[in-house]
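Worksheet: the structure to be examined is printed underneath.
The values are calculated or read from the model by the stated rules, or taken from the named source; none is laboratory data. Small disclaimer: the values here were computed from a predicted structure and weren't measured. Cβ: placed from backbone, ideal geometry, glycine included. Neighbour counts: every protein chain shown. Surface areas here come from the heavy atoms of the whole protein model, side chains and all, with no ligands, DNA or RNA. Shrake-Rupley method; radii C 1.70, N 1.55, O 1.52, S 1.80 Å.
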Amino acid sequence: NAGVMQNPRHLVRRRGQEARLRCSPMKGHSHVYWYRQLPEEGLKFMVYLQKENIIDESGMPKERFSAEFPKEGPSILRIQQVVRGDSAAYFCASTQDRTGELFFGEGSRLTVL
Amino acid sequence: KQEVTQIPAALSVPEGENLVLNCSFTDSAIYNLQWFRQDPGKGLTSLLLIQSSQREQTSGRLNASLDKSSGRSTLYIAASQPGDSATYLCAVRAGSYQLTFGKGTKLSVIP
């Protein structure tokens, strides 16, 4: 049973470009979370999604950031017009249900030049 | 708003020693608490999940306890090994179903 798969593992973008981060949850998991980790800081919640629904996006910046989890295919975290402050590790996690054990991917490390 | 605190921020112990990592949280109305380990540049590995109705969970040399009423959890590591060196993260799940994380304890086990 493959774990949570994230790609790309590393992404370099120039200011103003778009970044798309993909996450395939574990088999049988329909709940996906996205977290951001800045150097020397803790993990910060961004968004919680179920298939085709955004359940909680209270941690997402209001502008430039969006997330989706379509019926088919991976969950996508999209960052438009990236700025240097967006440089961070973005982690995806999945679970079977709302209170189940959470499993994390290896993360996508975004560097904005 | 749930806040999670982990003490100490860093810990260095000689190999073979038993150790305890501490986690406290402000809102006791939680569904569960999960301990993770994170190696540098890597993702998080789930170690133990304790439901709010449970007092402790064990996996190998690891034992995690939960005292919901006082807002505390401990992770006990027996007979520490250099391979245990990592950052250990505590996270609680409450009403909004998101996990709220502490900043972690960075553990170094010296051979």
Give me a single rounded figure for A:95-107: the average over its residues of other chain Cβ atoms within 10 Å of their Cβ.
5
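Let me check I've understood the local charge: for A:S108, count other residues with C-beta under 10 angstrom from its C-beta, Lys and Arg +1, Asp and Glu -1. What total comes out? Walk me through the numbers on the way to the answer.
Numbers: positive: A:R9, A:R20, A:R22, A:R109; negative: A:E106.
Every neighbour counted, the sum reads +3.
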Carbon plus sulfur, as percent of the 1.4 Å-probe accessible area of the protein assembly as shown, comes to 47
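Compute the signed sum of charges (Lys and Arg +1, Asp and Glu -1) over the other residues within less than 9 Å, Cβ to Cβ, of A:Q6. Display every interim value, and only then the final one.
Numbers: positive: A:R9, A:R22; negative: A:E106.
Here the charged neighbours net out to +1.
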D for chain A, whole µm²/s, Stokes-Einstein with Kirkwood Rh over alpha-carbon pairs at 4 °C and 1.567 mPa s: what number?
93
Over chain B, with a Gaussian network built from C-alpha contacts below 10 Å, which listed residue (B:P14, B:P82, B:P40) shows the highest mean-square fluctuation?
B:P40
What does the accessible area per residue of chain B come to in Å², with a 1.4 Å probe and no ligands, DNA or RNA counted?
47
In Å, the C-alpha Rg and Dmax of chain B are 13.3, 42
Over 31 Å between alpha carbons, listed pairs A:K62/B:K68; B:K68/B:K103; A:K44/B:K68; A:K51/B:K106:
A:K62/B:K68; A:K51/B:K106
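Can you compute the charge dipole magnitude of chain A about its Cα centre, using +1 on each Lys and Arg Cβ and -1 on each Asp and Glu Cβ, nothing else charged? Give it in debye, rounded to the nearest 20.
Numbers: 17 positive and 13 negative charges, 95 e Å.
For chain A, the charge dipole is close to 460 debye.
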So, counting K/R as plus one and D/E as minus one, what does the shell of residues with Cβ under 11 Å around A:R64 add up to?
-1
Can you pull the one-decimal nm distance between simple spin-label points at A:K27 and B:R55, each 7 Å off the Cα toward Cβ?
3.9
Buried accessible area between A and B, both sides, 1.4 Å probe, in Å² rounded to 100, is 1700
Select from B:L48, A:T99, A:V83 the residue farthest towards the positive end of the dipole of the protein assembly as shown; place +1 on Cβ of Lys and Arg, -1 on Cβ of Asp and Glu, and compute about the Cα centre.
A:V83
Dipole magnitude of the protein assembly as shown, debye to nearest 20 (Cβ charges: Lys/Arg +1, Asp/Glu -1, about Cα centre)
640
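Counting Lys and Arg as +1 and Asp and Glu as -1, each charge on the Cβ, what is the dipole of chain B about the Cα centre in debye, to the nearest 20?
On the way: 10 positive and 8 negative charges, 52 e Å.
About 260 debye.
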